[in-house]
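Trainee: This is the structure I have questions about; it appears just below.
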């Protein structure tokens, strides 16, 4: 893979300065520990030897409009429209959103609800493209001179390329590259931990495309004005580490620190990696940026490089297809939207022993209900598990409070207490025990001797609390509306009473009003005036069509009374 | 391929409750063998009666509660409770004493609270204390250790005694039993003897009671094995033994004639069993590491206080139950600092 590094000349001077600063500032990085964690059998050798191969071009591509955190994208194309590879087919809708691009050239055959990879097996609106097999690119232009761009222009390029966090969360990357005017970024961390067992897509990316990762890191650093750049990689990937080290030396980028960290699940968790590399903790309910740190996945960095220096939007990603249930594990470069079934077929198909298909790793991945689902931007691994790969699964028993879960919890929570309160639907107490600091890494459930599905209980409690918060908001709004309505009604009542009192006073004062004759005459005159007015305008009030004669009379009388009253009021004022 | 949605993680480690309980059982075996050798066949009969009662009463309650019986029995917790209680009971106890204690432990102290995991008190100790306060005479008549008794009973004779209360002609309970070292110490201190005088008696050995110190050594061995297999952690045993040893040293230094040596305290009675097998019961103990230290220290102090100034020769069971009561409060006040929350 040759690399567009022509921007190098422009940035050389600036980066040299930073490099000097870095060299003097930090010679050796002290590593910290996070609480708990697990040493897991990693099963990475199943696929780590497999070079990245392009997956075959699929016939149909299914592109969910939401493949990221935030609002779904808005379609820009219509059914039947021909699209080119890399053409934007849906635009970001709002700030926290990401656009979508056609992964290949072809025809939009449908925009409809399709099954998507979702924990609950939901459907969502998708754009379906029938590929024409020509792979014709839309016109796209590399930005070689990116160092001359200011940060917001760079972010815009990255946003338009539809780049989201490829490590799994799928948060729009340009937002994480926007620290705000007053925040200085101390450290940009590239997450190369890949701590979940089985997954090797980042490992292969670093081994084969180290230059791309480094190029992306430089662009990100430029956008963030970060003082330090650190790549954190687990020490179970010596080849990837060597490849990065070699590339850093060759590109003379000693300003980027490459740090090997001990293999311990979940080191790849953003909060855990930050703790290991900096000793700092992301505040509860906060973001890394609150402690002047930004963390991106290495694959995201490579995607940023491609978006900026090659002009290619995010239309493909590397996917590890592995597990004992697949005949020949692979690392495939897959167009977004490719059906998972196609990928399994390219890996020799599945074995009859296949028991569960998982998207993601074995600790945090989601179960796929079937294989006709598409790969999305966040789909890093297709895991075909056989019964022997689940580990020991005895009967579910009561919690014996052994505390193993608390011993391994990387957030230092008390999972047994969270479980207790979640199970009792005592959500207030669950929150007292910091339920929302749980990252759902699964360590607690892994070690639980009672085989309790702990994480499931936490997700349930979180969902219930969110639902309650929504309901509360709704009922507050309803109460506000009700209060407002009551207040308005009371105000109107008071106003009416005041008017009435005033009128009464006026009537008492004016002797003319006493005579019945005068009243009748006034009504009659008013009725005539109203009739004349209506005829002149020749427009009937909207809600008084098709009235019976009786109703019409009532209305006329009412209007006449109103007119008379108005006249009288005028008189009184005079 | 099943299409049910199963939430992550999709991987489980090797730990399960049955394995944990089985390991506790294995760890008890050396001490049980030692007890049988030292105190005779009565220990074995107690064990059998206790195990049979525990399994039967647990099964009965589970049937009444309409809960799965076999799966629950297989968790091994009833077995552990039965074994712990059995080796804490006098070796020549009548069968009904063992049965009543075990049934109470399983039915009242465990199942009526909701079964394993919900019992606030250690079932074996609850059963033990019930027996101690209800049948003090039966509970304090201990079999004399081997070498200190003038007569021996065979297996059948012990069985007959357990079932019917009759001894072979010409044998009396006095010939078979003796006061325990802790009992002796307590009584004789009350009669104004000094510790060194009392320790000169025939039932005392190197540190503690003759034979008793071996049993406590074997229990320590099993406890160390549990530590090595990571069934338990060091926190509770170290806290119990450390605090008991420290406070005993303190008083022993102040007045060695009135207060026995720390080694005597550590090697006597149920301390080792309590420290490694009872106080480490996760269900009724404290959960957090700091909490376990507090729990253990509290227990060590209570044991010493009850032994030295209380009405009972040994205080392990009471200390455990008292600390069980305190465990929820200890857990509440010893929560670890959660990631991302302020220190302190």
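The values are calculated or read from the model by the stated rules, or taken from the named source; none is laboratory data. Bear in mind the structure is a predicted one, so any value in this text is a computation, not a measurement. Positions of Cβ are generated from backbone atoms using ideal geometry, with glycine treated the same way; all protein chains shown enter the neighbour counts.
Trainee: Farther than 20 Å from residue B:161 by Cβ and not in a loop (DSSP other than H, G, I, E, B) - does that describe any residue in region B:33-50?
Mentor: Applying the first criterion (farther than 20 Å from residue B:161 by Cβ) to region B:33-50 yields B:33-34.
If we keep only those that are not in a loop (DSSP other than H, G, I, E, B) as well, we get B:33-34.
There is at least one residue in region B:33-50 that is farther than 20 Å from residue B:161 by Cβ and not in a loop (DSSP other than H, G, I, E, B).
Trainee: Take the conditions farther than 12 Å from residue B:83 by Cβ and either part of a helix (DSSP H, G or I) or in the same structural domain as residue B:278 (by TED's automatic domain parsing) (or both) and apply them to residue B:20. Does it pass? Steps first, please.
Mentor: Details: farther than 12 Å from residue B:83 by Cβ: yes; either part of a helix (DSSP H, G or I) or in the same structural domain as residue B:278 (by TED's automatic domain parsing) (or both): yes.
Yes, satisfied.
Trainee: Next question. Only one of A:244, A:248 is buried (at least 22 other Cβ atoms within 10 Å of the Cβ), in the same structural domain as residue A:177 (by TED's automatic domain parsing) and not in a strand (DSSP E or B); which?
Mentor: Working: A:248 fails: buried (at least 22 other Cβ atoms within 10 Å of the Cβ).
The conditions single out A:244.
Trainee: Mind listing whichever residues of region A:150-164 are part of a loop (DSSP other than H, G, I, E, B) and either modelled with pLDDT of 90 or more or under 22 Å from residue A:67 (Cβ atoms) (or both)?
Mentor: If we filter region A:150-164 for residues that are part of a loop (DSSP other than H, G, I, E, B), which is where we start, we get A:150, A:161-163.
Result: A:161, A:162, A:163.
Trainee: In addition: Residue B:185 - would you say it is part of a helix (DSSP H, G or I), without any contact (Cβ under 8 Å) to a residue 24 or more places away in the chain and assigned by TED's automatic domain parsing to the domain that holds residue B:291?
Mentor: Answer is no for this residue.
Trainee: Being surrounded by fewer than 23 Cβ atoms within 10 Å (Cβ to Cβ) and within 7 Å of chain B (Cβ to nearest Cβ) is the filter here; which residues of region A:415-439 pass it?
Mentor: Listed by number, the residues that qualify are A:434, A:437.
Trainee: Scan region B:78-95 residue by residue and report those that are assigned to a helix (DSSP H, G or I) and either touching a strand residue (DSSP E or B) at 6+ places or on another chain (Cβ under 7 Å) or closer than 18 Å to residue B:142 by Cβ (or both).
Mentor: Initially, region B:78-95 is screened for residues assigned to a helix (DSSP H, G or I), giving B:78-88, B:95.
Answer for region B:78-95, where residues must be assigned to a helix (DSSP H, G or I) and either touching a strand residue (DSSP E or B) at 6+ places or on another chain (Cβ under 7 Å) or closer than 18 Å to residue B:142 by Cβ (or both): B:84, B:85, B:86, B:87, B:88, B:95.
Trainee: Would you mention how many residues in region A:261-283 are touching a helix residue (DSSP H, G or I) at 6+ places or on another chain (Cβ under 7 Å) and outside any strand (DSSP E or B)?
Mentor: Within region A:261-283, residues that are touching a helix residue (DSSP H, G or I) at 6+ places or on another chain (Cβ under 7 Å) and outside any strand (DSSP E or B) number 8.
Trainee: So for region A:284-299 (the condition being part of a loop (DSSP other than H, G, I, E, B), touching a helix residue (DSSP H, G or I) at 6+ places or on another chain (Cβ under 7 Å), away from every other protein chain (no Cβ under 14 Å) and at pLDDT 95 or above), does at least one residue qualify?
Mentor: No, region A:284-299 has no match at all.
Trainee: Take the residues in region A:324-352 that are touching a helix residue (DSSP H, G or I) at 6+ places or on another chain (Cβ under 7 Å) and not in a strand (DSSP E or B); name whichever of them is nearest to the other protein chains (Cβ to nearest Cβ).
Mentor: Filtering region A:324-352 for residues that are touching a helix residue (DSSP H, G or I) at 6+ places or on another chain (Cβ under 7 Å) and not in a strand (DSSP E or B), the one nearest to the other protein chains (Cβ to nearest Cβ) comes out as A:324.
Trainee: Let me ask something additional. Answer with yes or no whether residue B:290 is out of contact with any helix residue (DSSP H, G or I) (no Cβ under 8 Å at 6 or more places or on another chain), within 14 Å of chain A (Cβ to nearest Cβ) and outside any helix (DSSP H, G or I). Talk me through it step by step, then tell me what you get.
Mentor: Numbers: out of contact with any helix residue (DSSP H, G or I) (no Cβ under 8 Å at 6 or more places or on another chain): yes; within 14 Å of chain A (Cβ to nearest Cβ): yes; outside any helix (DSSP H, G or I): no.
Here the answer is no, as residue B:290 does not meet what is asked.
Trainee: Taking the condition of being surrounded by fewer than 17 Cβ atoms within 10 Å (Cβ to Cβ), in contact with a helix residue (DSSP H, G or I) (Cβ under 6 Å, 6 or more places away or on another chain) and touching a residue at least 24 places away in the same chain (Cβ under 8 Å), how many residues in region B:155-172 meet it?
Mentor: 1
Trainee: Still on this structure, please answer the following. Being more than 13 Å from residue B:319 (Cβ to Cβ), surrounded by fewer than 23 Cβ atoms within 10 Å (Cβ to Cβ) and in contact (Cβ under 8 Å) with a residue 60 or more places away in the chain is the requirement here; does residue B:290 meet it? Give the derivation first.
Mentor: Working: more than 13 Å from residue B:319 (Cβ to Cβ): yes; surrounded by fewer than 23 Cβ atoms within 10 Å (Cβ to Cβ): yes; in contact (Cβ under 8 Å) with a residue 60 or more places away in the chain: no.
For residue B:290, the condition - more than 13 Å from residue B:319 (Cβ to Cβ), surrounded by fewer than 23 Cβ atoms within 10 Å (Cβ to Cβ) and in contact (Cβ under 8 Å) with a residue 60 or more places away in the chain - is not met.
Trainee: From the list B:54, B:63, exactly one residue is over 27 Å from residue B:210 (Cβ atoms), surrounded by fewer than 24 Cβ atoms within 10 Å (Cβ to Cβ) and away from chain A (no Cβ under 13 Å). Which is it? Steps first, answer last, please.
Mentor: On the way: B:54 fails: surrounded by fewer than 24 Cβ atoms within 10 Å (Cβ to Cβ).
Only one candidate qualifies: B:63.
Trainee: Follow-up. Kindly indicate which of A:289, A:276 is touching a strand residue (DSSP E or B) at 6+ places or on another chain (Cβ under 9 Å) and under 25 Å from residue A:440 (Cα atoms).
Mentor: Details: A:289 fails: touching a strand residue (DSSP E or B) at 6+ places or on another chain (Cβ under 9 Å).
Result: A:276 is the single residue among A:289, A:276 that is touching a strand residue (DSSP E or B) at 6+ places or on another chain (Cβ under 9 Å) and under 25 Å from residue A:440 (Cα atoms).
Trainee: So residue A:408 passes all but one of these: (1) free of Cβ contacts under 8 Å to residues at least 60 places away in the same chain; (2) more than 8 Å from chain B (Cβ to nearest Cβ). Which condition number does it fail?
Mentor: (1)
Trainee: Restricting to region B:276-287, and then to whatever is within 14 Å of another protein chain (Cβ to nearest Cβ) and touching a residue at least 40 places away in the same chain (Cβ under 8 Å), can you tell me which residue is farthest from the chain's Cα centre (by Cα)? Steps first, please.
Mentor: The initial filter retains those residues of region B:276-287 that are within 14 Å of another protein chain (Cβ to nearest Cβ), namely B:279-287.
From what is left, the residues that are touching a residue at least 40 places away in the same chain (Cβ under 8 Å) are B:279-281, B:283-287.
On the way: B:279: 9, B:280: 11, B:281: 10, B:283: 15, B:284: 14, B:285: 14, B:286: 17, B:287: 19 Å.
Residue satisfying both the conditions and the ranking: B:287.
Trainee: Could you list, in sequence order, all residues of region B:86-108 that are buried (at least 24 other Cβ atoms within 10 Å of the Cβ), at pLDDT below 95 and over 13 Å from the mean Cα position of the chain (by Cα)?
Mentor: Across region B:86-108, the qualifying residues are B:91, B:92, B:93.
Trainee: Here are the criteria: (1) under 28 Å from the mean Cα position of the chain (by Cα); (2) buried (at least 18 other Cβ atoms within 10 Å of the Cβ); (3) more than 7 Å from every other protein chain (Cβ to nearest Cβ); (4) assigned to a helix (DSSP H, G or I). Tell me which single one residue A:445 does not satisfy.
Mentor: Evaluating residue A:445 over (1) under 28 Å from the mean Cα position of the chain (by Cα); (2) buried (at least 18 other Cβ atoms within 10 Å of the Cβ); (3) more than 7 Å from every other protein chain (Cβ to nearest Cβ); (4) assigned to a helix (DSSP H, G or I) leaves (3) as the failure.
Trainee: Can you tell me which residue among A:233, A:219 is part of a helix (DSSP H, G or I), assigned by TED's automatic domain parsing to the domain that holds residue A:323 and under 21 Å from residue A:187 (Cβ atoms)? Reasoning before the result, please.
Mentor: Numbers: A:233 fails: part of a helix (DSSP H, G or I).
From the options A:233, A:219, the qualifying one is A:219.
Trainee: Quick one: is residue A:384 outside any loop (DSSP other than H, G, I, E, B), within 13 Å of another protein chain (Cβ to nearest Cβ) and crowded, with 23+ Cβ neighbours inside 10 Å?
Mentor: On the way: outside any loop (DSSP other than H, G, I, E, B): yes; within 13 Å of another protein chain (Cβ to nearest Cβ): yes; crowded, with 23+ Cβ neighbours inside 10 Å: yes.
Judged against the criteria, residue A:384 is a match.
Trainee: Run down A:38, A:46, A:57 and say which single residue is within 29 Å of the chain's Cα centre (by Cα) and farther than 26 Å from residue A:438 by Cα.
Mentor: Values: A:38 fails: farther than 26 Å from residue A:438 by Cα; A:46 fails: within 29 Å of the chain's Cα centre (by Cα).
Matching residue, one of A:38, A:46, A:57: A:57.
Trainee: Also: From the list B:293, B:246, which one is more than 20 Å from the chain's Cα centre (by Cα), more than 29 Å from residue B:131 (Cβ to Cβ) and not assigned by TED's automatic domain parsing to the domain that holds residue B:124?
Mentor: Details: B:293 fails: more than 20 Å from the chain's Cα centre (by Cα).
Only one candidate qualifies: B:246.
Trainee: Output the residues belonging to region B:296-344 that are outside any helix (DSSP H, G or I) and away from chain A (no Cβ under 14 Å).
Mentor: If the condition is that a residue be outside any helix (DSSP H, G or I) and away from chain A (no Cβ under 14 Å), then B:310, B:311, B:312, B:313, B:314, B:315 are the ones that fit.
Trainee: Here's a follow-up. Mind listing whichever residues of region A:387-410 are in a helix (DSSP H, G or I) and farther than 29 Å from residue A:281 by Cβ? Can you show your working first?
Mentor: Initially, region A:387-410 is screened for residues in a helix (DSSP H, G or I), giving A:387-389, A:404-408.
If the condition is that a residue be in a helix (DSSP H, G or I) and farther than 29 Å from residue A:281 by Cβ, then A:387, A:388, A:389 are the ones that fit.
Trainee: Further question: So which of B:175, B:260, B:248 is crowded, with 20+ Cβ neighbours inside 10 Å, away from chain A (no Cβ under 14 Å) and outside any loop (DSSP other than H, G, I, E, B)?
Mentor: Details: B:175 fails: crowded, with 20+ Cβ neighbours inside 10 Å; B:260 fails: outside any loop (DSSP other than H, G, I, E, B).
Checking each option against the conditions leaves just B:248.
Trainee: Going by the conditions given, is residue A:362 in contact with a helix residue (DSSP H, G or I) (Cβ under 9 Å, 6 or more places away or on another chain), at pLDDT 90 or above and within 7 Å of chain B (Cβ to nearest Cβ)? Give the steps one after another, and end with the answer.
Mentor: Working: in contact with a helix residue (DSSP H, G or I) (Cβ under 9 Å, 6 or more places away or on another chain): yes; at pLDDT 90 or above: yes; within 7 Å of chain B (Cβ to nearest Cβ): yes.
So residue A:362 fits the description; yes.
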